[in-house]
Each structure stands twice: as C-alpha cells, then as structure tokens.
1. What whole-number value in Å² describes the accessible area per residue of segment 72-321 for a 1.4 Å probe?
2. Just round it to a whole percent: the fraction of Cα-Cα distances in segment 161-202 exceeding 13 Å.
3. Over segment 191-231, what per residue volume does the convex hull of the Cα atoms give, in whole Å³?
4. Accessible area, 1.4 Å probe, largest first: how do 86, 30 sort?
5. Can you tell me the equivalent ellipsoid semi-axes for segment 1-40? Use √(5λ) from the Cα gyration tensor, largest first, whole Å.
6. Compute the orientation-averaged projected area for segment 81-145 from the convex hull of its Cα atoms and round it to one decimal in nm².
7. Mind running the shape call on segment 38-80? Use the C-alpha gyration tensor, a ≥ b ≥ c as the square roots of the eigenvalues: rounded below 1.5 for a/c, prolate if a/b tops b/c, oblate otherwise.
8. Could you give log10 I(q)/I(0) at q = 0.13, 0.24 Å⁻¹ for segment 237-302, computed by the Debye formula over C-alpha point scatterers of equal weight, without solvent?
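The values are calculated or read from the model by the stated rules, or taken from the named source; none is laboratory data. In this text, all values refer to a predicted model and were calculated from it rather than measured experimentally. Neighbour counts are summed over all protein chains in view; Cβ atoms, including those assigned to glycine, are modelled from backbone coordinates with ideal geometry. Accessible surface is based on the protein model in full, side chains and every heavy atom, while ligands, DNA and RNA are left aside. Shrake-Rupley method; radii C 1.70, N 1.55, O 1.52, S 1.80 Å.
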Amino acid sequence: MKDLYDRHRAVLPDWLALYYDDPIEITHGEGRHVWDAEGNKYLDFFGGILTTMTAHALPEVTKAVSEQAGRIIHSSTLYLNRPMVELAERIAALSGIPDARVFFTTSGTEANDTALLIATTYRRSNQILAMRNSYHGRSFSSIGITGNRGWSPTSLSPLQTLYVHGGVRGRGPFAALSDEDFIAACVADLEDMLGQTRGGVAALIAEPIQGVGGFTSPPDGLYAAFRQVLQRHGILWIADEVQTGWGRTGDNFWGWQAHGQSGPPDILTFAKGIGNGMSIGGVVARGEIMNCLDANSISTFGGSPVTMAAGLANLSYLLEHDLQGNARRVGGLLIERLRGICAQLPTVREVRGRGLMIGVELVKPGTDEANLEAAAAVLEEARAGGLLIGKGGGHSTSVLRIAPPLSLTVAEAEEGAAILERALRSVC
C-alpha cells in the first residue's frame, strides 16, 4: 500500500483526507463485507459514508447497471430519458410533497446547491437560516451555510447565513431543558433572530439528523414548530435528507417525518443511498417553487440512464424487502447493545441515534471535553479487529459514526458490536 499511498500524496490535494495511519485500498465487497488489497476482510459499518445503503454488489443493482450500460450510457437531460422519468415518478410519490417535481444531480452537494438556488430565486433573497453544527456539502454556496468549522475552509459566501439553535440536543445553552422547553427555547431564538433580519429570509435548511456533525438531532417536533414560524413569514423549509432518507432512521422513510406535524418541507434534497454507490443526488419541490427559475438549465450527468437504472433497482429492492423495517429492528437491537457496552466506560459520553444511524461520542473521562485521540485510536482498533466505522463531530471528530447497509443481519450486528466493544475497552 505504501507505493499507492505515495502516488496518492504526489498527485492529490493535501486536504483530501484518508482514514487510518496506514490507509487501505478497498478492492471489492459483497453484502455487508468488503476486502482490501491485502486480502483482509472487514464488516462494513460505514458504507462509503452512508452511500452503500442496501448491500455491496447487490445483484439486482449490478444487473440493472450492466443491462443499461449495454444499451446506452449517456444522453443528457436534453433528451427524453425513460429511467429518469420513472425514478422521478417514484420519488415524487414517496416524498410527501404535493405536486412534487424532481431534479436529479450527481451528488448531495449539488442537490443542496440547487435547493439554495431555487429558494433564493423564489423568495428573491440571499438570506438563509441554517443550523449550528450542520454540514451541507463542499460547493462554494453549501460551504457558506455549513455550521461546522472543520468542514468550512472559507468565510466567503454568496449568501448571508444566520445560524439557529436546535440541531444538537445534548450540548449548548438549552441542553438542561426538558424536550418541550428545549423546543420552546429554540423557537423563541428563531423568532428573535427573524426580528433582526432585514427583508425576507429565503429558507431554513436543516438535516433532521446531523450527519457529519456526529449524528446529533433535536427532539421530534422541533422543525414542525419552526415551520409554523416560517410559514407566517413565507420562509421555505429545506430538509436535507442526504444522509437520513430512504428509511435509514427506521421509524420513518424520511427524517422530516419525525417533524411532520406542520406538513412536509417545501424542498427536499437527497443523494447517497438511493444509488447504492452510484452517483445520484436530487431535489424535490412543489411545482410552483421548482418552476420559478426563469433561465434555461440542464444537467449533463444528472439523471444519467445508468445511474437512474441503478436507483430504480435499488429503490425497488429497498421497498420490497422492507429495509426500513430492518433498520428499525436491527438498529434498535444494535443501539441497545452498544448502550449496554458503553454504560461503564468513562470515555463514552453518549450513545445516540435512530435506526442504523448511530453515534458514540467520546470524551476525556470526568469531563465533557472531546477526546479526539480516543476516537482515532478506536477507529484503528476496530479496523484491526475487522470492522470499518466512521467518525465525525461538531467542534471535533470525537464521535464514532456507525451506519451499516440497511440489510444488516442480527448476527452481523452482534459481531460488529463485539468488535467495537473490544476496540473501546482496549482504548477507553
């Protein structure tokens, strides 16, 4: 691996992060497992950053990709595209948004960038509300609204961004409040912030569960309460479902549905899991909002026949095999198993999450101070034991991120928990 690592460093940017002291090259996968170039087998609890959502080398998806590639690989959105229309129809029906229109992109970053373009055009405003600790991508505009300094390399932005409390339940000035009082305090903060803005704010963009931020989330109903305030001001709600969509949280198909008492979002963005590794992103919005652009637009690679075929096959498999239900059942077992393991470990501050989206936050014993060194060490020990996990966090990267493919079995959940237990105990 040293030769490939040296070549990587010679031609790719220094800021292109790699996991592990000795980075690995993943060569192939099957089901919930992957293998590296040296033949080591790993149970995959990160799925290429929550992207291999269903399973590695899922036959239904690989067959659909192969068959479509044998017909035609590319045409662009300038031509009618049957797989794109069919996938758009299915996503529109599943979105919960009335008169839904769908625009496909190649990534979650591009999807959020498009949502911001639509919202600011529709509202004729460049003011955006975003959540503290948030992450929405790596384009110039999405970096400008990211509330996580570790992923925001510039303060320059085409947007004026105002940050709202609420995305992190367990830290900050409202952490000690009950859920009901927490929501009330966050709503009051939102109202106060809107009283300081000049002109109309375009939109609030929020992840129902913050992904890169360490799988943090507010109490259910927060964004429903926010929405009541937003609607009074005509402000749009953008739900960033890049990591929470497609049933990963178990309880709901979309993360916003835990906050759906005031209706669906005006705009929904998605990516990652729908392609099971193929490059798909997209935006769903009400017709009047989506159609507000008064200039021509296309997508050269968004809606590619091959990626759309993959998305259709993957979505069909997901629904036919009730992977949302599996995420709820197996994810519930896994999170309780991890809570039992971590209850006596002084380095673990919290085990949180929903479905197969679980975070384990590490701190220095006896404090609330992030323990970056322990998180990095556990990542290494887990890999040595045959388990791949991720990490993240707000002001730090001290949260272990656990997000296996949604087809995870109970036996694999137990195996992964046992490996992670050994890794935690060896470090913590």
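1. I get 39 Å² per residue for segment 72-321.
2. Percentage above 13 Å: 54.
3. 92
4. 30, 86
5. Each semi-axis is √(5λ); the values are 22, 11, 8 Å.
6. Result: 5.5 nm².
7. prolate
8. The calculated log intensity ratios at q = 0.13, 0.24 Å⁻¹ are -0.43, -1.09.
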